[in-house]
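*Asks:* Sending over a structure as structure tokens; questions will come in a sec.
The values are calculated or read from the model by the stated rules, or taken from the named source; none is laboratory data. Since this is a predicted model, take the numbers as computed values, not measurements. Note: ideal-geometry Cβ built from the backbone for every residue, glycine included; neighbour counts use all protein chains shown.
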């Protein structure tokens, strides 16, 4: 069984001796022969020539190990690098390429493995393709170049391995071709142009160059120090005060660090927002002058009685103790109002009015947002101011 290239080579060699064969025939065009006689004479002459010139025509027969481009020598499925007595030709498979060579028996070819950094997915190839940037071939005889996985990149042609990003970085897609494709991993954010730092508790960092977000119940403050961005995370008193979103986001009407303050003219609401101050929020400020005016006669009377009799002073002391216990009880009721219960009127109005006894007065209804130290001091001095007034 002969391949087409072998048949063509045999025909080419026989054409060289064609005139010699014609001259050896015992007939010519001048002979007056019938067609069947003429063809019989030609066959007889050809047979005689073949018998007399065996060495000549045997050289025309193709050698079974004379391989052509796209082929290679093999024996029992093993690809050869030199001839062997039983070598035959076969098409080079994917991952190999055909190389022509000369030896004592003439021209032939061998199938060689593609080098690392190259590949070939087609059969009967005479060369291998160099791996493009973003790909690699780390083994001999690769049929395809592999894409660089996530977290790696390669900018060179014919690479045998991919380069790794920094530990804190990765790549978004496969087959990345540049170090600039390395971005922050999820759970980290870009502090400057190159540094990825861990995401603090209370923040959500999607990685890459995406903006960071604060989680519900946390308030994030962004600052810049010497060109480097940093974040400070504060836990909010109530989760509803600080919704999830961009850093510094507060619920409606709220402002300040950790969304602890309300704008002037607003008071805290049960849903974590701040609502415009109503009569219920303003009544403690209206009650303070009344309490001061009501206590003034009592203080005067107590002073007169204490000057007259020591026994009366003891009674007044007992009254003060009872009044103190009453205030403690009212504070306990106000603490119950802080439970996560949907109160309805009139219980809601009564319990809400007890805020004055727990020093939880909404100063934001009449004052601009103050520092927490000033606000806390104002709450502590509220009752002494009433008593001393």
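*Asks:* Take region 129-155 and flag every residue that is surrounded by fewer than 21 Cβ atoms within 10 Å (Cβ to Cβ), more than 26 Å from residue 195 (Cβ to Cβ) and either without any contact (Cβ under 8 Å) to a residue 40 or more places away in the chain or touching a helix residue (DSSP H, G or I) at 6+ places or on another chain (Cβ under 8 Å) (or both).
*Replies:* Matches in region 129-155: 129, 130, 132, 138, 139, 140, 144, 146, 147.
*Asks:* Residue 289 - would you say it is farther than 22 Å from residue 236 by Cβ, at pLDDT below 85 and buried (at least 16 other Cβ atoms within 10 Å of the Cβ)?
*Replies:* no
*Asks:* Identify all residues within region 209-223 that are more than 16 Å from residue 260 (Cα to Cα) and either touching a helix residue (DSSP H, G or I) at 6+ places or on another chain (Cβ under 7 Å) or surrounded by fewer than 19 Cβ atoms within 10 Å (Cβ to Cβ) (or both); write none if there are none.
*Replies:* Those that are more than 16 Å from residue 260 (Cα to Cα) and either touching a helix residue (DSSP H, G or I) at 6+ places or on another chain (Cβ under 7 Å) or surrounded by fewer than 19 Cβ atoms within 10 Å (Cβ to Cβ) (or both): 209, 210, 211, 213, 215, 222, 223.
*Asks:* A further question follows. Which count do you get for residues in region 80-116 that are in contact with a strand residue (DSSP E or B) (Cβ under 7 Å, 6 or more places away or on another chain), part of a strand (DSSP E or B) and more than 30 Å from residue 136 (Cα to Cα)? Write out each step before concluding.
*Replies:* Step one: of region 80-116, the residues in contact with a strand residue (DSSP E or B) (Cβ under 7 Å, 6 or more places away or on another chain) are 80-81, 83-84, 86-92, 95-101, 107-114.
Restricting the remaining residues to those that are part of a strand (DSSP E or B) gives 88-91, 96-101, 107-113.
Applying the additional criterion that residues be more than 30 Å from residue 136 (Cα to Cα) yields 88-89, 107-108.
The number of residues fulfilling the criteria is 4.
*Asks:* Just checking, how many residues over region 69-79 are farther than 19 Å from residue 143 by Cβ and assigned to a loop (DSSP other than H, G, I, E, B)?
*Replies:* Qualifying residue count for the region: 2.
*Asks:* Could you please give the count of residues in region 188-205 that are assigned to a loop (DSSP other than H, G, I, E, B) and over 25 Å from residue 238 (Cα atoms)?
*Replies:* Qualifying residue count, region 188-205: 5.
*Asks:* Report yes if residue 209 is at negative phi and not in a helix (DSSP H, G or I), otherwise no.
*Replies:* yes
*Asks:* A further question follows. Go through region 156-172 and count every residue that is in contact with a helix residue (DSSP H, G or I) (Cβ under 8 Å, 6 or more places away or on another chain) and part of a loop (DSSP other than H, G, I, E, B). Let's see the steps before the verdict.
*Replies:* Taking region 156-172 as the starting set, the residues that turn out to be in contact with a helix residue (DSSP H, G or I) (Cβ under 8 Å, 6 or more places away or on another chain) are 163, 165, 171-172.
Right, trim to part of a loop (DSSP other than H, G, I, E, B) and you get 165, 172.
Looking only at that region, the number is 2.
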